[in-house]
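S.K.: To start, I am sharing the structure in question, which I have written as structure tokens.
The values are calculated or read from the model by the stated rules, or taken from the named source; none is laboratory data. Please read these numbers as outputs of a predicted model, since none were measured by experiment. Here Cβ is always computed from backbone atoms with ideal geometry, including for glycine, and neighbour counts include all displayed protein chains.
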Amino acid sequence: MDSKLPATGTTIFAIMSGLAAECDAIDLSQGYPSFNPDQALLDLITHYLNHDGNQYAPMTGVPKLRKAIAEKVAALYARQVDVDQEVTVCDGATEGLFSAIQATVHPGDEVIVFDPAYDSYAPSVTLAGGKTIHIPLTASADDLDYHIDWDRLREAINERTRLLIVNFPHNPTGVILTSEDLDTLADIVRDTGIYILSDEVYEHIVFDGQDHQSLLRHDELWERTFVISSFGKTYHSTGWKVGYCVAPAKLTAEFRKIHQWVCYTVVSPIQHALGDYLPSTPEHYAELPRFYEEKRDRFCELVANSRFTFRPANGTFFQMLDYSKISTEDDVSYAKRLTREIGVASIPISVFCAEPIASRQLRFCFAKDDAMLEEAAARLCQL
Ligand code: PMP
Ligand code: GLN
């Protein structure tokens, strides 16, 4: 068959989690918690499974859930959004990202991403007929200082640039944006027709007393932005695949034209349950930074005496570790070898980069209980 995605293989998440299962390794590769969602939320789902929650939800999402999302956006980011015209519940962030890309990108358009970039972006751009332009977040492979090089962004923009995809807190590096970054970004895209797709699935996992700089906060950027988030990260429920897109009415109208044909609507009982749970438990997401910051600190403390070098993540539930002092092997084979030989699975960073970089960094997910983190770290410390 003539492939539409000839350069695309199987996602690294399936490969590494598959290998971890095969080797019975501790799986710190794919980002998923080892703990369950709150029992009260599970009880609500059970309730809706037993009471009228099993038929199609509205195409745009269950109204009380959209209302709860709009209220959260107003409370956290001071943005008043229209519940009916600017909020859409989608089939995980993945579908939201895909639909926003299909809605904006025409054949021949250019889309800018920052490497290392989440692996679903570029294939979605290709399917829309667009071309992905990759800008690295670092100057060189051994540089741990990940940040946007604004000059390179300015240089990359031209009349074909249609979309800019940003992801902060950033997977895999854990880097976050500052409010000055938002202003700089606004200066750069002002007077262009560029749309922004802001992947904010880790919006509630920001550390060290910092605030999440959602693009929803910025009056000028908001006008051209699709903000995507996911309940999977916030409620320890990555397998539910329920997320949402918040975008100005004109953008949302185009987004929904795609969304309705990708999945039409999203799993009903979970939407009903989240519609009750989200507005009644603001303390859950308010406490999430502390919850994960403790896990980050624990993991960093446990690997502090290893031969890995690192900078503690500023957000997300991932920690990057650099193994330059241990091995010169390339990161994909080293990650596989660690999985087989010491039973700890991680994600190699080079697969998120277009340029073949000599990365010596691996990403470890610390959304795990202490016993798993302790055992994994003990094995890593032996290297
Ligand atoms: N974007 C990023 C940066 C992610 O890490 C993930 C992780 N799953 C997603 C999107 C996809 O989210 P979902 O599982 O809700 O589709
Ligand atoms: N976002 C998850 C991660 O970064 C993986 C989700 C997926 O498997 N596509 O680990």
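S.K.: Which members of region 79-127 meet the condition of being away from ligand 2 (no atom under 16 Å from the Cβ) and at positive phi?
M.R.: Within region 79-127, just Gly108 meets the criteria.
S.K.: Then there is this: When only residues in region 157-181 that are part of a loop (DSSP other than H, G, I, E, B) and of a type in the set (Val, Ile, Thr) count, which is nearest to Ala103 (Cα to Cα)? Please lay out each step first, then the result.
M.R.: The first filter runs over region 157-181 and keeps only residues part of a loop (DSSP other than H, G, I, E, B), leaving 157-160, 168-178.
Keeping just the survivors that are of a type in the set (Val, Ile, Thr) gives 157, 173, 175-176, 178.
Details: Ile157: 20, Thr173: 28, Val175: 28, Ile176: 27, Thr178: 28 Å.
Out of the qualifying residues, it is Ile157.
S.K.: Name every residue in region 1-10 that is in contact with a Ser or Thr (Cβ under 7 Å, 6 or more places away or on another chain) and either without any contact (Cβ under 8 Å) to a residue 40 or more places away in the chain or in a helix (DSSP H, G or I) (or both), in order of residue number. Quick ask: steps written out before the conclusion?
M.R.: The first filter runs over region 1-10 and keeps only residues in contact with a Ser or Thr (Cβ under 7 Å, 6 or more places away or on another chain), leaving 5.
Result: no residue meets the conditions.
S.K.: If Gly53 satisfies every condition in (1) at pLDDT 95 or above; (2) away from ligand 2 (no atom under 11 Å from the Cβ); (3) touching a helix residue (DSSP H, G or I) at 6+ places or on another chain (Cβ under 8 Å) but one, which is the exception?
M.R.: (1)
S.K.: Now, a different point. For Asp149, only one of the following conditions fails: (1) within 19 Å of Ile357 (Cα to Cα); (2) within 16 Å of ligand 2 (Cβ to nearest atom). What is its number?
M.R.: For Asp149, the failing item is (2).
S.K.: If you go through region 72-84 one residue at a time, do you hit one that is closer than 23 Å to Tyr285 by Cα and over 24 Å from the mean Cα position of the chain (by Cα)?
M.R.: yes
S.K.: Hey, can you tell me all the residues within region 187-204 that are β-branched (Val, Ile, Thr) and either assigned to a helix (DSSP H, G or I) or more than 16 Å from ligand 1 (Cβ to nearest atom) (or both)? So that I can check it myself, show each step before the final result.
M.R.: Just the residues of region 187-204 that are β-branched (Val, Ile, Thr), to begin with: 188-189, 192, 194, 196, 201.
Passing the criteria: Ile188, Val189, Thr192, Ile194.
S.K.: So, one more: In region 11-37, what residues are within 16 Å of ligand 1 (Cβ to nearest atom), part of a helix (DSSP H, G or I) and surrounded by 15 or more Cβ atoms within 10 Å (Cβ to Cβ)?
M.R.: Taking region 11-37 and keeping what is within 16 Å of ligand 1 (Cβ to nearest atom), we get 11-17, 27-34, 37.
Adding the requirement that they be part of a helix (DSSP H, G or I) leaves 12-17.
Residues satisfying the conditions are Ile12, Phe13, Ile15, Met16, Ser17.
S.K.: Working only within region 239-295, note down all residues that are under 24 Å from Val206 (Cα atoms) and of a type in the set (A, V, I, L, M).
M.R.: Passing the criteria: Val242, Val246, Ala247, Leu274, Leu278, Ala286, Leu288.
S.K.: Now, a different point. Under 6 Å by Cβ, and 6 or more places apart or on different chains, what pairs join a residue from region 206-222 that is touching a residue at least 12 places away in the same chain (Cβ under 8 Å) with one that is of a type in the set (S, T, N, Q) and part of a loop (DSSP other than H, G, I, E, B)?
M.R.: Phe207/Asn314
S.K.: Working carefully through the options Pro37, Pro58, Pro33, find the one that is closer than 30 Å to Val83 by Cβ, within 14 Å of ligand 2 (Cβ to nearest atom) and either in contact with a Leu (Cβ under 6 Å, 6 or more places away or on another chain) or at pLDDT 95 or above (or both). Reasoning before the result, please.
M.R.: Working: Pro37 fails: within 14 Å of ligand 2 (Cβ to nearest atom); Pro58 fails: within 14 Å of ligand 2 (Cβ to nearest atom).
Residue meeting the stated conditions: Pro33.
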